[in-house]
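J.: To start, I am sharing the structure in question, which I have written as structure tokens.
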Amino acid sequence: MATDEFRSPLLPPQRPRRVIRAAAAWAAALSVAATLALLLVAGLGPLPSACCGTSRSRHRPRSSPPDPVELTLLAAARDKGAVCLDGSPPGYHLQTGSGAGSRSWLIHLEGGGWCDTVRSCSSRRMTYFGSSKFMQRHINFTGILSKDPALNPDFYSWNRVFVRYCDGASFAGDSQHVDQDGNATLFFRGRRIWEAVLDELMQKGLAHSEQALLTGCSAGGLATLLHCNDFRARFPPEVPVKCLPDAGFFLNVEDISGQRSMRSVYSGVVHLQNVTEVLPKGCLLAKKDPTECFFPGEVIKSIRTPTFILNSAYDSWQVQNVVAPDRSSPDEPWRRCRADIRSCNSSQIQVLNGFRKAMVDDLKAVGDNNNCSWFIDSCFSHCQSWFDNSPWNTPVAPRLGNKTLVEAAGDWYFGRSQRQVVREIGCEYPCNPTCNSHQLPA
């Protein structure tokens with residue numbers, strides 16, 4: 001099948017940074033609306049939902065420009081077979097902590113879709129999602145990775161790591177295959193990359209961490225769930241270790257044509273890249289199809305580590321690629337709806353409410369597993385914790401239980417909430433005014 005439609009719309013960090021600089025140059029001459037339009041025209045892609053609020057809440061906190069963080073390549077990882085699709089070394093960006101955060105670590109796994117066929121993986125190896133040869137050498141840390149206490153009050157002083165994604169299987173595969181031309185090898189070594197990066201970071205101080213948090217966005221959010229228990233096992237029991245997957249809760253549901261498009265993609269990934277080793281053992285022992293075990297709804301049943309699932313019940317990427325993908329031959333009304341939820345008619349909203357119900361049902365299937373918390377808003381967005389324009393960076397953000405995302409996540413991690421388990425689910429669209437009044441088309 002053609003996998004391009006399932007590639008994550010998330011762009012590499014350099015693109016948002018370049019667009020933001022261009023927008024800043026015009027800021028004096030353009031209105032806020034025109035500036036946002038410029039960002040879209042320039043190729044920033046889907047922006048997380050903005051929201052309404054008081055005039056005070058519409059202004060971002062004063063902050064200084066982030067320092068570019070250099071790429072570190074793991075050349076020695078080649079000896080372990082830990083390489084990108086094209087055989088180049090994997091990499092990460094590390095910004096060291098300071099003060100009280102010098103012995104605290106936050107590891108963020110990059111997202112960027114998957115490749116499920118030899119053809120799609122052969123194409124992917126010629127991009128920054130398949131080769132470190134094409135990765136930008138410096139990126140800005142924003143959102144949950146920001147060093148600015150005004151924007152990231154709980155984690156700004158921690159050691160923060162952005163792990164680059166170059167395997168196409170959520171850091172899970174361990175196989176190889178001849179490419180589509182028969183002239184080179186495709187290396188499916190995501191699991192080895194995970195191991196190699198963690199081993200090096202342990203040597204750089206992660207092993208002596210006083211507290212740690214594993215996060216990831218989109219395909220990196222799925223990777224966060226898959227590796228959460230393994231991450232916890234690397235530390236002494238007394239060290240607080242938790243996980244925060246962002247926009248990684250992908251659903252195994254029918255699209256508008258009655259097909260399970262996402263399951264087809266995951267089936268290709270699971271079997272081509274051999275991800276069995278990271279799948280939940282309980283799911284496999286129950287004789288379930290390994291593809292089913294790759295979906296978050298099954299993964300969370302085995303979570304033994306405190307986890308905060310962040311997702312939109314109307315995830316814009318999933319609306320566009322799971323509910324109404326190109327292969328489902330959507331008509332013009334559905335094309336308008338999947339691009340901008342405000343353009344959806346009542347029958348389409350009913351379909352999207354069914355998607356929301358499927359997500360809620362999957363989450364509630366964990367029952368009394370107190371390790372699973374969640375913050376499920378009703379915004380038309382995808383990835384809310386680390387892009388420079390994400391709700392993490394601004395008080396103009398969705399609220400659930402009278403808390404913003406930053407407040408809810410921080411209170412959960414540090415135990416500032418009265419409840420150990422946080423389970424906030426937003427009402428059906430468009431009832432939450434904090435995430436749809438200023439919504440931009442995806």
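The values are calculated or read from the model by the stated rules, or taken from the named source; none is laboratory data. Keep in mind that this is a model prediction, so the values were computed, not measured. So basically every Cβ, Gly included, is an ideal-geometry build from the backbone, and we count neighbours across all protein chains shown. The protein model used for the area step is the full one, side chains on, heavy atoms only, and it has no ligands, DNA or RNA in it. Shrake-Rupley method; radii C 1.70, N 1.55, O 1.52, S 1.80 Å.
J.: What figure in square angstrom, to the nearest 10, would you give for the accessible area of Cys283 with a 1.4 Å probe?
T.: Ignoring ligands and nucleic acids, Cys283 comes out at about 10 Å².
J.: Quick one: 3J(HN,Hα) in Hz for segment 77-90, Karplus 6.51/-1.76/1.60 with θ = phi - 60°, rounded, Gly and Pro as x.
T.: Taking θ as phi minus 60°, the curve returns 5, 4, 5, 9, x, 8, 9, 6, 3, 8, x, 7, x, x Hz for segment 77-90.
J.: Find how much the distance from Val360 to Cys427 grows on full extension, using 0.36 nm per residue of separation minus their present alpha carbon separation; answer in nm with one decimal. The partial results should precede the final answer.
T.: Numbers: separation 67, 0.36 × 67 = 24.12 nm, distance 1.11 nm.
Answer, rounded to one decimal: 23.0 nm.
J.: Can you give me the distance in nm between label points at Asp67 and Gln418, each placed 7 Å from the Cα along the Cα-to-Cβ direction?
T.: Reported label-point gap for Asp67 and Gln418 is 4.2 nm.
J.: Which of the aspartates and glutamates could a cross-linker bridge to Lys287, judged by Cα under 17 Å and excluding same-chain residues fewer than eight apart?
T.: Excluding near neighbours in sequence, the set is Glu277, Glu298.
J.: Which far-off residues, 5 or more places away or on another chain, put their amide H under 5 Å from the one on Thr72, with H placed in the peptide plane?
T.: Placed amide hydrogens put Tyr92, His93, Leu94 under 5 Å from Thr72.
J.: Using Cα centres only, tell me the gap between segment 312-356 and segment 148-193 in whole Å.
T.: 29 Å
J.: Same structure again: Please list 3J(HN,Hα) in residue order for segment 204-215, calculated via the Karplus relation 6.51 cos²θ - 1.76 cosθ + 1.60 where θ = phi - 60°; whole Hz, with x for glycine and proline.
T.: Those phi angles translate into 8, x, 4, 4, 9, 5, 8, 6, 8, 9, 9, 10 Hz.
J.: Something else about it: In segment 265-364, what trypsin sites (Lys or Arg not before Pro) fall in a loop by DSSP, with at most 13 other Cβ atoms inside 10 Å?
T.: Values: sites: Lys281, Lys287, Lys288, Lys301, Arg304, Arg327, Arg335, Arg336, Arg338, Arg342, Arg356, Lys357, Lys364; in loops: Lys287, Lys288, Arg304.
Filter output for segment 265-364: Lys287, Arg304.
J.: Leaving ligands, DNA and RNA out of it, report the carbon-plus-sulfur percent of the accessible area of segment 69-425 at a 1.4 Å probe.
T.: Working: 5700 of 12440 Å².
Here carbon and sulfur together make up 46 percent of the probe-accessible area.
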